[in-house]
Amino acid sequence: MALKNRKGNGTNGVDAAGRTTAADDRRRAVASARQERRARSPYSAMHTGPGRALTAVYGIFALSATARAGYQLIREFDVAPVAYSLSAFAAVVYIVATICLVIGNRTSHRIAIASCVVEFVGVIVVGILSFTHPEDFANPSVWSSFGIGYGFIPLILPLVGLWWLALVGRRIRTA
Amino acid sequence: MFTVYTIMLCAVTVVLTVWSIVETIRNRPAGKALLGASALLLLLLIVQLVLSIVTFSSTHDVDPLLYFGYVITAILVVALAGFWAFAELSRWGPGVLAAAGLTVLVMIERLDQIWH
């Protein structure tokens, strides 16, 4: 059914004869369901398109970081225990951030902020350490060299996350 | 591994990613064609999984956990992003597909490296 309504902004739910269409009914149902959800979980990122996109990107990142950390822990842990423990820790933090973006109460909002801060501090500290102590960080972790192995996404993502969380927080305080 | 197949996989992923970025900029939700393209990529990745299971004995020094970990993660990413884009009725459906496409592109590269 969703497939029928994919014409973008152009449709207004009224057909040529002026009758309201099924698309219109559906849109209204979606809007009221959205309002209800917003009342229940004001901090959730799932209420707006960009917020859902951010959650999805966090989810993709959590999934790939977990897969990689899992492999490193199972097969190569003895090679570089410090770097691989960090990888696992980072993966857990990304999972926590993703879940808290979805839940959306005040506590989860704070946990999400804390995890973004941890991610950012982690990528900065490990990034610096991987230049000053290359022998401890020779094997790649998510945060090594400021996340260069992951296209610097680990550096950018927490900043985008924090910006988004601040935006949501401000919207709620003014509402 | 099957160099031709990898190139084809990369081409489909690049097309899907660029197309998704264009749709995001044009402020369109994911249409049937775009969803079809992500389904095609999913299908190709599953074929890759089957092909590599069948031909796995012909390689040496490939860690199955590493290799199949990547294939299965890539399949998961495409499947979840595709479903996400189907459910999302705003421009951010294609936006998520674009992010997934970039991720999968890197993963296909890594798969090729691991196999050789």
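Shielding by partners for peptide A:66-78, expressed as the average number of C-beta atoms from other protein chains within 10 Å of each residue's C-beta, is 3.
Descending by average beta-carbon neighbour count within 10 Å, the peptides A:76-87, A:22-33 line up as A:76-87, A:22-33, the highest first. Compute the long axis of helix B:92-115 from its Cα atoms, compare it with the longest principal axis of the Cα atoms of chain B, and write down the angle in degrees, 0 to 90, nearest 10. Orientation of helix B:92-115: about 10 degrees from the principal axis. Peptide B:92-100 is shielded by partner chain Cβ atoms: per residue, an average of 5 of them sit within 10 Å of its Cβ. Taken residue by residue and averaged, Cβ atoms of other chains lying within 10 Å of the Cβ of A:44-54 number 4.
Neighbour counts of other Cβ atoms within 10 Å put A:H133, A:H47, B:H60, A:H109 in the fewest-to-most order B:H60, A:H133, A:H47, A:H109.
For chain B, what is the calculated [θ] at 222 nm in deg cm²/dmol (nearest 500), taking -39500 (n - 2.57) for each run of four or more DSSP H residues and dividing by its residue count?
Details: 4 runs with 94 residues, N = 116.
That calculation yields -28500 deg cm²/dmol at 222 nm.
If you add up the charges near B:I21, with Lys and Arg at +1 and Asp and Glu at -1, over every other residue whose beta carbon is less than 15 angstrom from its beta carbon, what do you get?
Details: positive: B:R26, B:R28, B:R91; negative: B:E23.
Every neighbour counted, the sum reads +2.
Using the Kirkwood radius over Cα pairs, work out the Stokes-Einstein diffusion coefficient for the protein assembly as shown at 37 °C and 0.692 mPa s, in µm²/s as a whole number. Can you show the working numbers first?
Values: Rh = 20.7 Å.
The calculation lands on 159 µm²/s.
With the highest mean first, a sort of the peptides A:165-175, B:89-99, B:23-33 on other beta-carbon atoms found within 10 angstrom per residue produces B:89-99, B:23-33, A:165-175. For segment A:42-174, the orientation-averaged shadow of the C-alpha convex hull comes to 7.6 nm² (one quarter of the hull surface).
Report the local net charge at B:G82: Lys and Arg +1, Asp and Glu -1, summed over other residues whose C-beta lies under 13 Å from its C-beta. Numbers along the way, then the final one.
Working: positive: B:K32; negative: B:E88.
Around B:G82, the surrounding residues sum to 0.
A simple charge model with +1 on the Cβ of Lys and Arg, -1 on the Cβ of Asp and Glu and nothing else charged puts the dipole of segment B:3-115 at about 480 debye relative to its Cα centre. From the alpha carbon centroid of segment B:36-69 to that of segment A:130-172 is 30 Å.
Please report the net charge: other residues with Cβ closer than 10 Å to the Cβ of A:A53, K and R +1, D and E -1. With Lys, Arg at +1 and Asp, Glu at -1, the neighbours total +1. Overall shape of segment B:3-115 was characterised from the C-alpha gyration tensor. The equivalent ellipsoid obtained from it has semi-axes of 28, 12, 11 Å, in decreasing order.
A short reminder: the numbers here are calculations on the coordinates, not readings from a lab. Because the structure is a prediction, the values reported are computed rather than measured. Please note: Cβ atoms are built from the backbone with ideal geometry, for glycine as well, and neighbour counts cover all protein chains shown.
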